[in-house]
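K.L.:
Quick one: the structure is below, and I'll ask about it shortly.
The values are calculated or read from the model by the stated rules, or taken from the named source; none is laboratory data. Given the structure is predicted, the values throughout are model-derived calculations rather than measurements. Positions of Cβ are generated from backbone atoms using ideal geometry, with glycine treated the same way; all protein chains shown enter the neighbour counts.
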Amino acid sequence: MSQFLDRAERAMKDQSWDDYEEAWLDAIESGNVKFPDYLTAARSAIANGCEERAGQMLELIYQSGNADTLVPEKKLEFIEALACTLPRSEPMRNLLLDSYKDNFGHIDGFDTCVKNSGLMEGTRPGDVIPLFKRMVHYQPGSFVKHRSGWGVGEVKSLDTKTETAIVDFQKKEGHSMKLEALPQICTPLDHDHFLVVSWRRPEDLKELAEKEPVELIKLALRTSSKPLPLPRVKDLIAGTAIPTSSWSKWWTKTRNALKKEPLIGQTGGKNNELYLLDTPEALNTSLTRKFKGLSPSELLQSIRESLVEVGPDQISVLEEGFTRLRRDVDRGDLPRSERVSALLLLREHASNGQEEMAIGALAMKEKRLSNLLNNITREDEINETLEILIRLNPEEFTNNDSELFLESDDVLRELLITKFKAEGTMNQMHDNCMDSLQQPSKSPLLFLFLARRAAAGNTADFPMLEGISTSDLVRQCLSLLDRLALTLNTTTDDPGLQRTVKRFRQHLTAKPFNLLNKTLDSSKSNDARALYDLIISLRTISDANIEKLKAVILRKFPKVLSGQKVVKVAVSSRDTIYSTTYGMDKVQKELTEIRNEKLPAIFKAIGDAAALGDLSENAEFTSAIEERENLNRKVLELQSELDRAQIIDPTKATTDQVSLGSCVKIFNVGTDSEVTYSILGPWDGGPDDGVISYLSPLGKALLQKRAGEEFEVELPTGTQSFKILEIAQGQIPVAR
């Protein structure tokens, strides 16, 4: 119970009416009491027979205009309480009637309901208000929602004699219902309820979405007495008031407008929920509610947003948030980069004078300062942190600025370039760039940066890029991406490598392919051909992205493949291949060797060759690329054949006729000699091993023959005659 309710209850119990009035006046003057507390106090006064004392206070609130800030539903509830606490006041009764007209006047039977309920008669409006509302909710023209899934309905007619109503529901028109059953089956809806408007007047919702999006959100929130998760708000609005495809753009615009709306609250955090407030909430109360339950990272973001919303003279209302944020920093509940961001924020708005030293201490804990700075997401914060670290230890920073430049990401690198130019120390940066061009793998992010500068033609600060082929740089970037991504597959706990690969993919293999497009703009056909050949051989880029990259090249150079020798891979036949487990194991071993040994070795050779510089006359690079293509082709062939393979089991071979797995003794009529062969698969061995393939001419001729049969077969040495002497079950070959 609030302090106001407690004071009012004690004063009413003691019949100390001066204290009772003083409790009300203090509450009204403070502005901190919620309207539901006033209504609770009024209901208590009615129950104790002293309603007019509460009514005088409610009238004072109404005359002051404070009730005008209430949402429509709560304002009507307040006026009902006012009429009930001043039952003899004709002005209050007329005020109640006007309010009901605003809400229910569109219903055809409104006047009848007023008359039959006795709303304007007698001295106890509290007795007739429930009767009036029951009557008006089910008059023709009123709206209801069926609780079992028939949707919104409109009452079309009412027969008082038979006590039935005809309701047109969205999913069932002309439904007849008993009046006594309506309250149990249907929920009354106001004519301006979101569900009613979306059913009967959807164009009104579309107009609101365009002209008054915040009002549309309010309308959606009134469908529930509880906070609505954002996905539920989207379900209500998208597809009804706006096209589903436009939701993201519309919500981004509306979300900014909501920050200025005092009657809509948000819980914040990942599971953001929106809710209607009865009155504009006090700013500190709103922020307390907003910060409640947020994770440390979410709290930091929420405080940033709140600083934009509050004025310079209102910063003190964020004190609770600042206290929690400092606690999170001290306990280490944030990642180091976010701790730096939080300390910078606290230094500006709630400083204890220790923030800069704390930032220096965090930097010392990092093995690489670049990891800390690259992970800070805001440019102004990276710049502030740099200035603090230089101020704390200028000599240490000067000794390590080259290393930091080599490992920096985009934002940090641009800040360092600005610093070097201002200090006149560009020569050291130029030396770093020359080293990177000679050894791309030493500083891959810097090499990628130089390739992007070259492609954009922005080389004024980088004279070493003059005359270098942009196409060559981009090809080296692609090869470097392949090596880095392969390394990442076996080293997943290196955040620096993860960031590097992510940045390479962002600029090389993701839309809108700016780097590739700019490179092709200054390339010739042979450059495009070289890029195309390299791209199709990359193993760490998805097939879908390879196709997109190929399409970019072919759009600009449609004849890039003309005259190119097409290499056909022997994987088109889908015929089954039969083999014993010995043969399959042999092929699988070969495939594993290529994948695990030969391909990694050739990738290293490509990277080493690319590191030599100019690729246009680099024989080692060209040879390595060709070898990789051959190995990739072999992988495709072997995998396809294994996918089509079926096992030969000699123990299941028949002995009445030759079949797969049979062991056959045959007599060569021409040479007057006998020989024994097992009829197995192409991977199981050769004649020297006592094996012939069922795909060989002799193997094909033997199949389905019986003992004693003679036959002729065309062999490379000519036509020869054979006779089958014996048929037995063969054996699986044994590795020598």
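K.L.:
Can you work out which of the residues in the range 462-496 that are in contact with a helix residue (DSSP H, G or I) (Cβ under 7 Å, 6 or more places away or on another chain), part of a loop (DSSP other than H, G, I, E, B) and not polar (S, T, N, Q) is surrounded by the most Cβ atoms within 10 Å (Cβ to Cβ)?
P.N.:
Taking the candidates together, the pick is 462.
K.L.:
Quick check on the range 665-696: of everything there that is out of contact with any helix residue (DSSP H, G or I) (no Cβ under 6 Å at 6 or more places or on another chain) and aliphatic (A, V, I, L, M), which residue is nearest to residue 723 (Cα to Cα)?
P.N.:
Checked the range 665-696; the qualifying residue nearest to residue 723 (Cα to Cα) is 666.
K.L.:
Okay, next question. If I ask for residues that are surrounded by fewer than 13 Cβ atoms within 10 Å (Cβ to Cβ) and assigned to a helix (DSSP H, G or I), which ones from the range 324-359 would you list?
P.N.:
327, 330, 331, 348, 357
K.L.:
Might you check whether a residue that is assigned to a helix (DSSP H, G or I) and among the hydrophobic types (A, V, I, L, M, F, W, C) occurs anywhere in the range 249-256?
P.N.:
yes
K.L.:
Then there's this: Pairs only if they're at least six apart or on different chains, beta carbon under 6 angstrom, first in the range 180-194 and surrounded by 15 or more Cβ atoms within 10 Å (Cβ to Cβ), second hydroxyl-bearing (Ser, Thr, Tyr); list them, first residue then second.
P.N.:
What qualifies is 182/138; 194/223.
So that you can scan it fast, the table gives a plain yes or no per residue for (1) in contact with a helix residue (DSSP H, G or I) (Cβ under 6 Å, 6 or more places away or on another chain); (2) modelled with pLDDT under 75; (3) outside any loop (DSSP other than H, G, I, E, B); (4) surrounded by fewer than 18 Cβ atoms within 10 Å (Cβ to Cβ):
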residue	(1), (2), (3), (4)
516	yes, no, yes, no
534	yes, no, yes, no
539	no, no, no, yes
544	no, no, yes, yes
566	no, yes, no, yes
575	no, yes, no, yes
586	no, no, yes, yes
612	no, yes, no, yes
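K.L.:
For the range 176-190, does any single residue satisfy the condition of being more than 24 Å from residue 105 (Cα to Cα), polar (S, T, N, Q) and modelled with pLDDT of 85 or more?
P.N.:
yes
K.L.:
Does residue 199 satisfy the criteria of being farther than 15 Å from residue 240 by Cα and touching a residue at least 24 places away in the same chain (Cβ under 8 Å)?
P.N.:
no
K.L.:
Ok, one more. Identify the residue in the range 372-382 that is buried (at least 17 other Cβ atoms within 10 Å of the Cβ) and of a type in the set (S, T, N, Q) and, among all such residues, is nearest to residue 418 (Cα to Cα).
P.N.:
374
K.L.:
Right, another one. Please go through the range 294-311 and pick out each residue that is modelled with pLDDT under 80 and either within 18 Å of residue 336 (Cα to Cα) or out of contact with any Lys or Arg (no Cβ under 9 Å at 6 or more places or on another chain) (or both).
P.N.:
Residues satisfying the conditions are 310, 311.
K.L.:
A further question follows. Have a look at 45, 27, 41 and point out the one that is crowded, with 17+ Cβ neighbours inside 10 Å, among the small types (Gly, Ala, Ser) and more than 50 Å from the chain's Cα centre (by Cα).
P.N.:
45
K.L.:
If you check every pair at least six apart or on different chains, which have Cβ atoms under 7 Å apart with a residue in the range 312-333 that is modelled with pLDDT of 90 or more and of a type in the set (Phe, Trp, Tyr) first and a residue that is surrounded by 18 or more Cβ atoms within 10 Å (Cβ to Cβ) and in a helix (DSSP H, G or I) second?
P.N.:
These pairs meet every condition: 322/346.
This table checks each residue for (1) assigned to a helix (DSSP H, G or I); (2) closer than 22 Å to residue 192 by Cβ; (3) touching a Leu at 6+ places or on another chain (Cβ under 7 Å).
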| position | (1), (2), (3) |
| --- | --- |
| 107 | no, yes, no |
| 115 | yes, no, no |
| 126 | yes, no, no |
| 129 | yes, yes, no |
| 134 | yes, yes, no |
| 141 | no, yes, no |
| 145 | no, yes, yes |
| 148 | no, no, no |
| 155 | no, yes, no |
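K.L.:
I'd like the full set of residues that are free of Cβ contacts under 8 Å to residues at least 60 places away in the same chain and of a type in the set (Gly, Ala, Ser), limited to the range 662-684.
P.N.:
670, 673, 678
Here's the yes/no breakdown for (1) aliphatic (A, V, I, L, M); (2) part of a helix (DSSP H, G or I); (3) assigned by TED's automatic domain parsing to the domain that holds residue 128:
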site: 23; (1), (2), (3): yes, yes, yes
site: 32; (1), (2), (3): no, no, yes
site: 40; (1), (2), (3): no, yes, yes
site: 43; (1), (2), (3): no, yes, yes
site: 60; (1), (2), (3): yes, yes, yes
site: 67; (1), (2), (3): yes, yes, yes
site: 74; (1), (2), (3): no, yes, yes
